[in-house]
Amino acid sequence: MEGYFIRSSRVTPSVYFNPKKGLLDMRGKSSPENPLTFYNHIYDSLDQFAESEYPAMTVNMAFEYFNTSSSKCLYIFLKKLAWIDQQGKNITINWYFEDGDEDMNEAGEDLSCFFDVKFNFVEVPEIKVLGEEKKETKKKLVA
């Protein structure tokens, strides 16, 4: 089972998956036109993890925004994690939200109510996306 890294885009989060370390990290925005196209690869990885020898996984979820169709995919994602947890692997979900972002905090709390898996809610000053492309600044040349 191999890990991977998916760089964030304007409409998809970054995803870092390292099964050997027991870590899956998703950060950023999720509003792709067809979210299943994006999330199916992650679902497949969870299915493989469920069959692996690895005993535990920590899942960090740090969203700045996700749209309604992404919320359905996140529900499926969390449902898979809860099932893996019930199969005897130790799953911990850390739900990060920015200071004062009550909507994202409530979204995590709402999603957590559907599943019997350990959720931690963590307020942070800023969501930092892994591998985010930096905007280049133009430098003026002084003659």
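Every read-out reported here was derived from the displayed coordinates using simple, explicitly stated rules and does not represent laboratory data. Since this is a predicted model, take the numbers as computed values, not measurements. Glycine gets a Cβ as well: all are built from the backbone with ideal geometry, and neighbour counts include every protein chain shown.
Lys and Arg at +1, Asp and Glu at -1: add these up for the other residues within a Cβ distance under 14 Å of Asp44 and post the number.
Local charge sum for Asp44: -2.
Could you tally the net charge around Val117, taking each other residue with its Cβ under 13 Å from the Cβ of Val117, Lys/Arg +1 and Asp/Glu -1?
Result for the local shell: +2.
Near the amide H of Tyr96, under 5 Å away, which other amide H atoms are found, from residues 5 or more places off or on another chain, if H is placed in the peptide plane?
Hits under the 5 Å cutoff: Met61, Ala62, Phe63, Val122.
Between Ser71 and Thr92, 0.36 nm times their residue separation minus their Cα-Cα distance comes to what?
Length gained between Ser71 and Thr92: 5.6 nm.
Simple spin-label model, 7 Å along Cα-to-Cβ: Cys113 to Met1 in nm?
3.2 nm
For Asp101, what residues show an amide H to amide H distance below 5 Å, using hydrogens built from the backbone and excluding near sequence neighbours?
Answer set, sorted by chain and number: none.
Relative to the Cα centre, what is the charge dipole magnitude of segment 4-124, using +1 at the beta carbon of each Lys and Arg, -1 at the beta carbon of each Asp and Glu, and rounding to the nearest 20 debye?
560 debye
Share of antiparallel DSSP beta bridges in the chain, in percent to the nearest 5?
The answer is about 25 percent antiparallel.
Please report the orientation-averaged projected area of the chain, defined via the convex hull of its C-alpha atoms, in nm².
One quarter of the hull surface, i.e. the mean projection, equals 10.6 nm².
Once the dipole of the chain is set up with Lys and Arg at +1 and Asp and Glu at -1 on Cβ about the Cα centre, which of Ser8, Met104, Asn90 lies farthest towards its positive end?
My answer, from the dipole projection, is Ser8.
Counting helices only, and only those DSSP H runs with n ≥ 4, report the 222 nm mean residue ellipticity of the chain as the sum of -39,500 (n - 2.57) divided by its residues, in deg cm²/dmol to the nearest 500.
It comes out at -11000 deg cm²/dmol, rounded to the nearest 500.
Whose amide H sits under 5 Å from the amide H of Phe66, counting only residues 5 or more places off or on another chain, with H placed in the peptide plane?
Ser30
What is the gain in length, in nm to one decimal, between Val122 and Glu33 on full extension, counting 0.36 nm per residue of separation less the C-alpha to C-alpha distance?
Extending this stretch completely gives an extra 29.2 nm.
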